[in-house]
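Some notes on the structure that comes next.
The values are calculated or read from the model by the stated rules, or taken from the named source; none is laboratory data. Since the model is a prediction, treat every value here as computed from it, not as a measurement. With ideal geometry, Cβ positions are generated from the backbone for all residues, glycine too; neighbour counts draw on all protein chains shown.
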Amino acid sequence: MADTTMEKRLPGEAVASKAPSPLLVAVKETIFTAVLVFLLGVLMVGFQTQAIQGQYLSFVTRFDDVLWAVAIVPIGRFLLALDRQGQSWPALIVGGLAFLYFFGAGSTGVMELDVYKTLPLPFEEAMVNVIFGLGALLVFGTAIKSLRTAGQGRRTLPAREAAEARRANFARRLSVVLGPVLVAAAVVLPWTPWGDRQLVDSLVLVLTYVMLGWGLNIVVGLAGLLDLGYVAFYAVGAYTYAKLSTELGLTFWESLPIAGIFSAAFGVALGFPVLRLRGDYLAIVTLGFGEMIRIVLINWQAFTGGPNGIGSIGKITFFGFPFERKAAEGVTTFHELFGLQFSGSHRVYFLYYVILVLALITNFATIRLRKLPIGRAWEALREDETACRALGINPTNTKLTAFAIGAMFAGFAGSFFATRQGFVSPESFTFIESAVILSIVVLGGMGSQVGVALAAILLIGLPEALRELALYRMLAFGASMVLIMLWRPKGLLSYREPTILLHARNKKPMVSGTVK
Amino acid sequence: MNAALQQMTEPAMPLLTVEHLTMRFGGLVAIDDASFVAQHREITGVIGPNGAGKTTLFNCITGFYKPTVGRLTLAAADRPPMLLEQMEGFKIGQQASVARTFQNVRLFTGMSVLENLMVAQHNKLMRASGYTFLGLLGLPSFNRAERVARDLAVHWLDRIGLTHLADEPAGSLPYGDQRRLEIARAMCTEPVLLCLDEPAAGLNPRESAELNTLLRSIRDELGIGILLIEHDMSVVMGTCDHIVVLDYGRKIADGSPSEIRSDPAVIRAYLGEEEE
Amino acid sequence: MEYLLQQLINGLTLGAIYGLIAIGYTMVYGIIGMINFAHGDIYMVGAFQAMIALMIVGTLGISWVPLQLAIMLIVALVLTAAYGWTVERIAYRPLRGSTRLAPLISAIGMSIVLQNYVQLLQGPRPKPVAPVIRGGFALTGSDSGFVVQLGYLQIMIILLTVALMTVFAYIIAKTSLGRAQRACEQDRKMASLLGVNVDLTISQTFIIGAALAAVAGMMVTLYYGVNDFFMGFVAGIKAFTAAVLGGIGSLPGAMLGGILIGLIEAIWSAYFSAEYKDVAAFGVLVLVLIFRPTGLLGRPEVEKV
């Protein structure tokens, strides 16, 4: 094994004489990791505090968990350290075996997770298994990767650029295929045997986030304005419809445009003073505005109903025909109109198609806007604001348009949310929502429409599907945000298609490395 | 250029009149009471040692800085004179038709070469797209305007020889091409005054010579004024009709290339004072 | 008048806490230009560890208050610093040199992870902490009959903050660590060419930031006597607001911003409405940014073109 190690080294490294032995380095790292894990865990994991009658604290110890962590995590670290030194086989074997052990054979498998979900104490055996299992998988995967790339040495810059270009090209081709496939699948899904009510209901949620993601993509992906308070416009849309419905008795279809315009107006009003700020300042101010709107919603009892929100908001109708078993005198219901048996699912399916259409409108509007002068100006502004000013482009107005249009789509989505729930409260519009929507945009690959849809399915759909995770759901959500970013810092599908082409695409390959 | 033509088209005023321009940053005086004029159909060179205030001068003219004191009058043929120092930054490009390039090239690197040139025609296309509303509907009038804009872009791509790279990301071009593309982008705004900040920096001799030809042809064919900051004397002497020399923010000389070449103050500024 | 004095004292105490958290934001922003969104949650972890440490100390029968406090401080400081280091190592370092948004998203993810990690380990309900330091001086108001209270705890918080700031200012100004840090802030690439270990310096920045946040967490544990896993969010936003208000990247600015936010909050709650105190803090931030975009003590940015 020592021979192979030598081969893998770059010539320059082999000459470096006083390099410490690989084993020593690995042992050092292992000890460091053990100490670190101990420090991290000794109080937070080792002691569980409990409030007795809400008065004083008592605790239970969980030292065994700390010990397990201190024992197992450094082993993983050791294996990874060896792998980095060129010895991948131990990592491969131990990682693989450990993975099999933690996930199946030797213990409570992951499948029986839901047995534990009612227990009050976290980090039950099953969860520990899952966490260690994933860790083992990481070790195993790293080993496989280094074995596959072994002997290639470090990749040169042109090689990396070429790989980057290949990836972009792949993303482009994938998007071209995947876009229509996803849309077609979305359209026919409710008619297939899999499209039961529960799934469709979950998909309504996913599509809402797809729409919000596409809306925010205009602001963040195209115009490059970091907006951490996007949920504010969603809230404005939702409350606008809630008020219009409960106070004036307007229907969803009548309110939808009003809510959109109202949100856009809000976008302009908020954006005007702050859009001259650069980058991160804008982020914090938008975050502040988002929080301010939420605080106002909580405290302005008379208008917003305070923390309790507004209830009995008008349900969606089939363009005037309600989805009800029995309608008021003189009103035809949906099932009567079509001579169907009444079913509560009709409304769900209809909501599904409404949000699908709204989302697709957002999508097509974005695609169209990109190719208009305003869209190009957004992208130019994202690239270099100074150059834009030199070209006579009004930065404030251009940004304001992006902000307003993004806000408008959030307003549409907001009023859809209100009619779907029949109830709005400030709880639905916390910062975490803004963070989720922004993550969808960034994880999807900024500016990529298909990427945003994929990210929404991944981030919203998967946790919906894995309800058994219960308490661990948000933990998994946050961890996957970190992991996807580490794995694909530029997002899942990141590529950029020029908005105008002089030469037909197939004549030239899209590899930027070939120029020169 | 014959005198008859000059009389016919040229208004009485020079294209750009800089009067008593002073720019202070805190205690530092970057430009100190500089006055000069740039004529129509002429290339006016601005030279001087490093730190003489040349780029600051450009930033004042193109609205990135507000001058502490002074007046900048732009008198284009077809419109009333404008006072640049009173205009908001982007309006100098939008309304006064002053275009510029930057010392360190500022392209939209992620966008394609052609897109860079389309963005330059933003204001024209915005009007044609009915401020986006009509464009969303895809009206033929907008499509026509877009085609015209594309043709102008292609015209300039042909002139700088980058047509075959039109769909490549601007950032992937070699440095010399990026410099020329930036000039083409400025020209796509259809300016009356073009300000070039060291366009020859980093170019090899062959590229510099090509640049000379390009600048002279812009002047002769389009009849616009060019303001040129440059260290490369082959470019300056080869193209400029008129040269202004700055040193420590003050104007120390102003005249034709041959006058400048023999001006003792200029020689002192460049070579230093001889000690006796 | 006495009432106002009381609010000033309360605001100053609160401001000291915000200021300590704000330093973590401003330092990280200064050196790698990212908003460390998880910093508020690091503070929360610090508060929890301080709380657990206090509980253990009580169980062990150590009852001499200064010793209790010292143990609590050291334990919270060291263990929370470990969290700061780990977060940077796992979630931010691999993304260095990537796009501007990648570390931000990673940080938001990390913030969610930390919140839920603590919620899972320690339960979702608020944890009460019995007061350790009681009493204070009564600065009697003369005629109105209103008694201004200056708690011993408040004095301790303010003194400890001043002491930490002094040490900290010394580190930044005089030590090699401080020099390396300032160098990285100016130009990371150049600093690394000159032999500064950039990775190490950034790690140290996170460690210091986390340690200061832990101290803030300890103070809050003692001051309010209740901790919950969500407490880092609002405190974090306000501290970041403070950092921006003072001029992000500026250390005295972070402290000044923290104190201002604390004062605004205390005075607004006292004279107007407690419900809208956060709106007031953000409102001030927006106004400052509009009229002085670099914050109060930030260096004005001359645009380079």
Exercise. Taking helices (runs of 4 or more DSSP H) that do not extend beyond region C:1-106, which have at least 2 residues that are free of Cβ contacts under 8 Å to residues at least 24 places away in the same chain?
Worked result: C:39-59, C:65-87
Exercise. Taking region B:17-36, which residues are on the phi > 0 side of the Ramachandran plot and part of a strand (DSSP E or B)?
Worked result: B:20, B:33
Exercise. Can we say residue C:102 is under 20 Å from the mean Cα position of the chain (by Cα) and either within 8 Å of chain A (Cβ to nearest Cβ) or surrounded by 17 or more Cβ atoms within 10 Å (Cβ to Cβ) (or both)?
Worked result: no
Seminar exercise, completed: How many residues of region B:76-128 are hydroxyl-bearing (Ser, Thr, Tyr) and within 19 Å of the chain's Cα centre (by Cα)? The answer is 2
For this session: Would you check which residues across region B:169-194 are within 10 Å of residue B:120 (Cα to Cα) and more than 11 Å from chain A (Cβ to nearest Cβ) and list them?
Result: B:184, B:187
Problem set entry | Of all residues in region A:249-283 being among the polar types (S, T, N, Q) and in a helix (DSSP H, G or I), the one that is surrounded by the fewest Cβ atoms within 10 Å (Cβ to Cβ) | A:255
Problem set entry | Of residues in region B:32-69 being over 19 Å from the mean Cα position of the chain (by Cα) and modelled with pLDDT of 85 or more, the one nearest to residue A:386 (Cα to Cα) | B:68
Seminar exercise, completed: Filtering region C:255-300 for residues that are surrounded by 20 or more Cβ atoms within 10 Å (Cβ to Cβ) and more than 14 Å from every other protein chain (Cβ to nearest Cβ) leaves a count of 7
Problem set entry | Criterion: within 14 Å of chain C (Cβ to nearest Cβ), more than 29 Å from the chain's Cα centre (by Cα) and surrounded by 14 or more Cβ atoms within 10 Å (Cβ to Cβ) - qualifying residue of A:304, A:317, A:286, A:246 | A:304
For this session: Look through B:181, B:246, B:203 and report the one residue that is under 30 Å from residue B:125 (Cβ atoms) and of a type in the set (A, V, I, L, M, F, W, C).
Result: B:181
Problem set entry | When residues of region B:66-104 are limited to those that are away from chain A (no Cβ under 14 Å) and hydroxyl-bearing (Ser, Thr, Tyr), the one surrounded by the fewest Cβ atoms within 10 Å (Cβ to Cβ) | B:68
For this session: Could you check region C:127-233 for helices (runs of 4 or more DSSP H) lying wholly inside it with 3 or more residues that are of a type in the set (Ser, Thr, Tyr)?
Result: C:152-174, C:198-224
Exercise. Across region B:143-190, what is the number of residues that are basic (Lys, Arg) and surrounded by 22 or more Cβ atoms within 10 Å (Cβ to Cβ)?
Worked result: 3
For this session: Could you run through region A:337-365 and say how many residues are among the hydrophobic types (A, V, I, L, M, F, W, C), without any contact (Cβ under 8 Å) to a residue 60 or more places away in the chain and in contact with a Leu (Cβ under 8 Å, 6 or more places away or on another chain)?
Result: 1
Problem set entry | Some residue of region B:143-160 being in a loop (DSSP other than H, G, I, E, B) and not hydroxyl-bearing (Ser, Thr, Tyr) | no
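For (1) of a type outside the set (Asp, Glu); (2) crowded, with 18+ Cβ neighbours inside 10 Å; (3) closer than 25 Å to residue A:417 by Cα, each residue gets a yes or a no:
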site	(1), (2), (3)
A:339	yes, no, no
A:349	yes, yes, yes
A:355	yes, yes, yes
A:383	no, yes, no
A:392	yes, yes, no
A:403	yes, yes, yes
Problem set entry | Test for residue A:228: is it surrounded by 22 or more Cβ atoms within 10 Å (Cβ to Cβ), touching a residue at least 24 places away in the same chain (Cβ under 8 Å) and not in a helix (DSSP H, G or I) | yes
Seminar exercise, completed: From the option list B:63, B:110, single residue qualifying as in contact with a helix residue (DSSP H, G or I) (Cβ under 6 Å, 6 or more places away or on another chain), part of a loop (DSSP other than H, G, I, E, B), closer than 24 Å to residue B:20 by Cα and at the interface with chain A (Cβ under 8 Å from one of its Cβ atoms) is B:63
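Yes/no matrix, rows are residues, columns are (1) modelled with pLDDT of 90 or more; (2) of a type in the set (D, E, K, R); (3) touching a strand residue (DSSP E or B) at 6+ places or on another chain (Cβ under 7 Å):
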residue: C:171; (1), (2), (3): no, no, no
residue: C:185; (1), (2), (3): no, yes, no
residue: C:189; (1), (2), (3): no, yes, no
residue: C:207; (1), (2), (3): yes, no, no
residue: C:210; (1), (2), (3): yes, no, no
residue: C:230; (1), (2), (3): no, no, no
residue: C:233; (1), (2), (3): no, no, no
Problem set entry | Exclusive hit being under 15 Å from residue B:43 (Cβ atoms) and modelled with pLDDT under 85, set B:233, B:187 | B:233
For this session: Scan (1) within 13 Å of another protein chain (Cβ to nearest Cβ); (2) under 13 Å from the mean Cα position of the chain (by Cα) for the single condition residue A:452 breaks and write down its number.
Result: (1)
Exercise. Out of B:265, B:269, B:253, which single residue is free of Cβ contacts under 8 Å to residues at least 40 places away in the same chain, assigned by TED's automatic domain parsing to the domain that holds residue B:28 and surrounded by 16 or more Cβ atoms within 10 Å (Cβ to Cβ)?
Worked result: B:253
For this session: Just give me the residues in region A:19-34 being out of contact with any Pro (no Cβ under 9 Å at 6 or more places or on another chain) and either within 10 Å of chain C (Cβ to nearest Cβ) or among the β-branched types (Val, Ile, Thr) (or both), in sequence order.
Result: A:25, A:27
Exercise. When you scan region A:287-330, how many residues do you find that are aliphatic (A, V, I, L, M), in contact with a Phe, Trp or Tyr (Cβ under 6 Å, 6 or more places away or on another chain) and either part of a loop (DSSP other than H, G, I, E, B) or modelled with pLDDT under 85 (or both)?
Worked result: 1
Problem set entry | region B:202-234, residues that are in a helix (DSSP H, G or I) and under 15 Å from the mean Cα position of the chain (by Cα) | B:211, B:212, B:214, B:215, B:216, B:217, B:218, B:219, B:222
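For every residue, the table says whether it meets (1) at pLDDT 85 or above; (2) more than 27 Å from residue B:75 (Cα to Cα); (3) not assigned by TED's automatic domain parsing to the domain that holds residue B:216.
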residue	(1), (2), (3)
B:143	no, yes, yes
B:152	yes, no, yes
B:156	yes, no, yes
B:159	yes, yes, yes
B:174	yes, yes, yes
B:196	yes, no, no
